[in-house]
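Here, each number is a calculation from the coordinates, and none is a lab measurement. Note that the structure is a prediction, hence the values are computed from the model and not measured. Cβ coordinates were reconstructed from backbone atoms using ideal geometry, including for glycine residues, and neighbour counts include every protein chain displayed.
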Amino acid sequence: MTTRQKFIAGNWKMNGSLQANAALLKAITQGLREQPPACKVAVAVPMPYLAQVQALLAGSSVQLGAQDVSQHEAGAYTGETSAAMLADLGVRYGLVGHSERRQYHGETDAVVATKAQRLLAAGITPIVCVGETLAEREAGQTGTVVARQLAAVAEALGQQIEKIVLAYEPVWAIGTGRTATPEQAQQVHAALRAQLASAAPGGAMVPVLYGGSMNAANAADLLAQSDIDGGLIGGAALKAPDFLKIIGAAQA
Ligand code: 13P
């Protein structure tokens, strides 16, 4: 019925070192050479390691990702990294709107939308993250919150919305070991897909990933849901055997 290829992306967050990255990627790329993946694979790494990881991933099936991008194009923005700089380093995917950026860095829906535009203009696929807090879920607001977050990006991008990857990451499931059940996730994913389908002709084909305590043990059940097209993996992406197991669970 669907031909959406599964996609597993690791988000390293603020973890790693030159030495640890080299060891982790050696194990991952070796594992994938022995057992070629049936899905797309990417790792979103800290900015200082983009060049190192670009070199380590050369010739492998793993794509390079960044965890953020500046909302500005260029110029006097100390500490920021532009989309053009990311493109220069071979970055193919960029996270925008991760809940840790929304929560700790005050990123609004409008800022997230601008960042997605910057990435697309540089030829990089934005992985747009949406998700509700525990309080919002308990108040029955999950649907309205994620719809609002997606609508802000859809409004800014217009038909280009079909070029993004979307990630549903319930805030209460991130780093907590408390995963959404496959049914809980599927329900939100189906609503997000319907919203994407009505936003652009190709909207229904946008990959919708799940993130939040996804691990080697629960990945297969989550990935078996009809509207879960892959995973955005935090903690488990830092352990090669776990990340490889999750990739193995993602059949086309
Ligand atoms: P965990 O897998 O550590 O819960 O993190 C999920 C996440 O935030 C990925 O972006």
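Quick look at the numbers
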| quantity | calculated |
| --- | --- |
| Pairwise centroid distance, computed over Cα atoms, of the stretch 106-157 with the stretch 1-39, Å | 25 |
| From phi via Karplus (6.51, -1.76, 1.60), per-residue ³J(HN,Hα) for the stretch 13-26 in Hz, x at Gly/Pro | 6, 8, 10, x, 7, 3, 5, 5, 4, 5, 5, 4, 6, 4 |
| Over the stretch 16-99, relative contact order from alpha-carbon pairs under 8 Å, at least 6 apart, % | 29 |
| Farthest positive-ward along the chain dipole, Cα basis, beta-carbon charges - from Asn215, Leu24, Ala191 | Leu24 |
| Added length on full extension, which subtracts the Cα-Cα distance from 0.36 nm per residue, Asn15 to Ala84 | 22.4 nm |
| Phi-based couplings in Hz for the stretch 200-211 (Karplus 6.51, -1.76, 1.60; Gly and Pro marked x) | 7, x, x, x, 5, 8, 5, x, 10, 8, 9, x |
| Contour minus Cα-Cα distance for Gln141 and Ser226 (0.36 nm per residue) | 28.3 nm |
| Point-charge dipole on Cβ atoms (K/R +1, D/E -1) for the chain, about Cα centre, debye to 20 | 520 |
| Out-of-range pairs (alpha-carbon distance over 19 Å; input Lys115/Lys239; Lys6/Lys163; Lys13/Lys239; Lys115/Lys163; Lys6/Lys26) | Lys115/Lys239; Lys6/Lys26 |
| The stretch 61-101-the stretch 194-222 distance, computed between alpha-carbon centres (Å) | 22 |
| Cα→Cβ-extended label distance, 7 Å offset, between Gln184 and Gln35, nm | 2.8 |
